[in-house]
Structure formats: C-alpha cells, structure tokens
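Okay, structure first, notes after.
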Amino acid sequence: MRIHFIAIGGSAMHNLAIALHQKGYQVSGSDDTIHNPSKSRLEKYGLLPAEFGWFPEKISANLDVIILGMHAKKNNLELLKAQELGLKIYSYPEFLYEQSKDKTRVVIGGSHGKTTITSMILHVLNYHEREVDYMVGAQLEGFETMVHLTTDNDFIVLEGDEYLSSPIDRRPKFHLYKPNIALLSGIAWDHINVFPTFENYVDQFKIFTDAMVNGGSMVYNIEDEYVKNVVESSENHIKKYPYETPNYFIEDGTTYLETAEGDLPLEIFGKHNLQNLAGAKWICQHMGIDEDDFYEAIASFSGASKRLEKIAENKTTVIFKDFAHSPSKVAATTKAIKEQYAKRTVLACLELHTYSSLNAEFLSEYKGALNTADKAVVFYSPHAVKIKQLSEVTKQQIANAFQRDDLIVYTNPQDFKDFLFQESLQNTAMVLMSSGNYGGLDFEELTRLV
C-alpha cells in the first residue's frame, strides 16, 4: 500500500508514518516545517521529505491513501490535488480505526489523565510481555514509537483525544474509534475555540459513550460528577464499571498503595495519579491481567514523558516538568506536589500557552488553581496572544483571574529565566507546567542548578 502524509511532521503523524513503514507500507510525506525529535526520527527511517513545503506533483493516482494532519489547512495544495483526483483521504483517527476494525479496541478518554492511564496500561502489558497494538500521546520508556500497528495482535489500546480529527473532518477524534472497552477519567472544559460552551463540550463525551460497541465495557471515574452523569444516564447497552481513588499514604517522601497483599511503594504520586492507577487496573483486568500481576508491574511505573516528569533532584531540591495547562490539571498537579513534599517550599510555574488559557473569557476558570503552591508564577507571551488573534490579556487580568495577591506574572522570557536562576532552590519542590517552553527556556540548563 502506498500512503502519503500531508503534514507528516506532527508528533502523532510522524509516529504513525514510522509505524506504517515498519508494517511494510510505502510511506511518503510533506510538511512546511519539521522540528526535532520528529525530524531526526523521520530521517532515521528514510521518511524525512527532501525539502520542506507543499508539492502537488507528489500527489498522483498511484497513491492508495492520503492521511491528512491537523497542521494542514483546507486550501493546502496537496489536499486540493488529492480531492481533485478523488483519492481516499483519511484523518489520523479514521485511519487508525480502519487498521483496527477487526481488533478489540480499548479507548482511554477524558479531559485529563488519558495519556498517563494509557501509559500505565502499556507499561503493565509490556512488563508481562503481552503484545498489543497501541497509540499513545507521549514517548514511553521501553517503547520506540508512540504508535504500533500489526496484523496479528488481538487488542489495540488507543488514547482517545476529544480534539478535531482534521481540517476537513470536524468530528472529535475519539468519536471515530467505536470502542469495545473504554474509560472516562474526567471532564473539565477545554478547547473552547471548538467547544464554545461547557454543555457542548460535555455532549462530546455522551456521543463517545453512545458510540461504544453494543455490549461493550465502560470503566469510569465515579468521583467526577460529570463523568458519572454521562455514563450512568447513557441508554447504550454497555456494562458499566466505576472506579475511585484507592487507599494510600505517604511516608518519607514515598507514596504507598494499600493492597490486600500489603503496602506497595510507588514511583508515582498524587491523588489524580492514584485515580488513574485505579482506572488502569480495571482496563488491564478486562484485558486478562489479574490484580496481583497488575500490582507487580505498576510498582515500576515512573510516569509518562512530561506528566509529572522528574527532571532533576538532589537532597534538598526536586524539579518536575508537567504538561498541565487546563485549570483542573494545574490544580491537581500543584496539589499533588504539595502533598508529596509537604515540608518543602512548592514553587509552581505555569505558562499560559494554549488558545483556551490565553482567552480572556476563559481565564476566570483558573480561580484558585495555584492556591496550594507556596510561590506561584505565571508566564505568558503577548506575542502568542496576537498570533492566536485573541484580545489582549493584561497582567492585571491574570492576577484577578487566579485571585492570588502574591502571584508573580512575567511576559518576557528572559525576565522569567532570570527569576528562576536567581531563586534559592534550597528545600524546594519546583514544577514547570506547560505545553510550551516558556519562550525558549533551556530545561537542561535549568537542571544544572540542582
């Protein structure tokens, strides 16, 4: 099969390209810019385009499939040529469904926690040498790619993102997977550029639940009132399995899970991560892993990349990097750090980077999100606000939104960097929360402070 990727350089897209190349397909692609690690990984497999840009001449009737990434626009020259030729055009999730129609599809959805839960499941399965196909939104230790597709494996585990599928397919990605087994971790308003009201956002999870295969199994977080309502009010003929935070305690900086076999020390921490663990256990049990085997494997799970990822530590200082950007994620991450390091000063740094977080109307959702931190810093780039064509956001608006009098706000990357490098980190737990990089912060240079 000959497959061409329009916008091959994206995190998900380049991993799918590599997976299909490894499966034996003939893969080509284009993009107007590709950064590392995508660039070097595509180059390793001989898939990096010879030059950047869009080239309609690459599109011919000889191609079997076009896979269209979100980075492309509706008027993309290659897309227009493919449409003119009547070629089969798939979005990323559409193609994944086509590849998994004959498999048992396990889909992990929710506004937060889905990458971590998917990672936990794959870690446990890998530990016990259970082969499955998968797609996950982070690079995992022990896994070469974020996507793996075979002809033979019975299961496929998919991280179910609620964002749009492609420039010409405005359906949320997870609506396309039609799971046999699913999980919903939580619902907290996000992507307001696509889902303008909270009610509209919640509706997407109702559609996801109702799209499950008849007789399927839904594992859901009963402690989230919106998830509980969505699942328990669904009239779809599915089996429903609630989960909640398991019993745990913290001793000398280590979190222990209370189990029937005794107290189990974990490498992860935070109530939200213990919740994630409970959900992952249910899913693994549905996939044939018993409780004891799950606990044996999960004890060595250290987390997914950029999800409470420890990047530096000495006897008095620890620094974490976290993908948290939505209000609920920021609050959960900050609270987890403070609970784990109760005797240290918690320095929480948040970059407002996404469309939602930089939207003046959405800012009030951050009320109290940084309250458990001893010191709180917010960084945002006025330039990023302009690029996203949003109304200007002022420092005062941000201070008012978080409702914290001592909140420190930076808009200049160098000023923010100077603050970090001049700050005493003795007896400190620092967390850097962002889906960006604070205007070019060198995280490796920062770790040398410790």
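Every number in this text was worked out from the coordinates using simple rules, so none of it is lab data. Note that the coordinates shown come from a computational prediction; the quantities given were computed from them, not determined experimentally. Virtual Cβ from ideal backbone geometry, glycine too; neighbours counted across all protein chains shown.
Applying the criteria of a DSSP loop state and at most 13 other Cβ atoms within 10 Å to the trypsin sites (Lys or Arg not before Pro) of region 264-356 yields LYS315, LYS343. Reported to the nearest whole Å, the Cα centre-to-centre distance from region 252-315 to region 120-135 is 15. Each pair of Cα atoms in the chain enters the Kirkwood radius, and Stokes-Einstein at 10 °C and 1.306 mPa s then converts it into a translational diffusion coefficient of 69 µm²/s. Would you mind telling me the antiparallel percentage of the DSSP bridges in region 95-298, rounded to 5? Counting DSSP beta bridges with both partners in region 95-298, the antiparallel share is about 35 percent. Here the contact order of region 95-298, divided by its residue count and restricted to Cα pairs under 8 Å and six or more residues apart, works out to 22 percent.
Annotation for region 149-195: chymotrypsin sites (Phe, Trp or Tyr not before Pro) lying in DSSP loop with at most 15 further Cβ atoms inside 10 Å of their Cβ are TYR163. Separation of region 427-450 and region 191-233 by C-alpha centroid, Å? If we compute the Cα centre of each part, the gap is 34 Å. Within the shell of other residues whose beta carbon sits under 12 angstrom from the beta carbon of ALA12, the net charge comes to -1, with Lys and Arg scored +1 and Asp and Glu -1. Charge dipole of the chain (Cα centre as origin; +1 on each Lys and Arg Cβ, -1 on each Asp and Glu Cβ, all else neutral): 1040 debye, rounded to the nearest 20. Farthest toward the positive end of the dipole of region 273-339, out of GLY279, ILE337, PHE294, is the Cα of ILE337, where the dipole comes from beta carbon charges about the Cα centre. Say the dipole of the chain comes from +1 at the beta carbon of Lys and Arg and -1 at that of Asp and Glu; which of LEU122, SER424, TYR366 then lies farthest toward its positive end? The one lying farthest along the dipole's positive direction is TYR366. Peptides 111-123, 19-31 ordered by packing proxy, namely the average of other Cβ atoms within 10 Å per residue, highest first: 111-123, 19-31. Starting from 0 in steps of 5 Å, tell me what percent of the Cα-Cα pairs of region 6-152 lands in each bin. Calculated over all Cα pairs of region 6-152, the distribution is 2, 9, 18, 21, 20, 15, 9, 5, 2, 0 percent. Of the beta bridges in region 309-447, as assigned by DSSP with both residues counted there, near 15 percent are antiparallel.
Based on DSSP H runs of at least 4 residues, each adding -39500 (n - 2.57), what is the mean residue ellipticity at 222 nm of the chain after dividing by all its residues, to the nearest 500 deg cm²/dmol? Helix-only estimate at 222 nm: -9000 deg cm²/dmol.
Expressed as a whole number of Å, what is the distance separating the alpha-carbon centroids of region 4-61 and region 336-412? Between the Cα centre of region 336-412 and that of region 4-61, the gap is 36 Å. Each DSSP beta bridge with both residues in the chain is either parallel or antiparallel, and the antiparallel ones are about 25%. Seen from LEU425, the other residues with C-beta closer than 13 Å to its C-beta sum to a net charge of +1, counting Lys and Arg as +1 and Asp and Glu as -1.
The value of relative contact order for region 309-447, using C-alpha pairs under 8 Å at least six residues apart, is 37 percent.
For PHE143, neighbours were defined as the other residues whose beta-carbon sits under 14 Å from its Cβ, and their charges (Lys and Arg +1, Asp and Glu -1) total -4.
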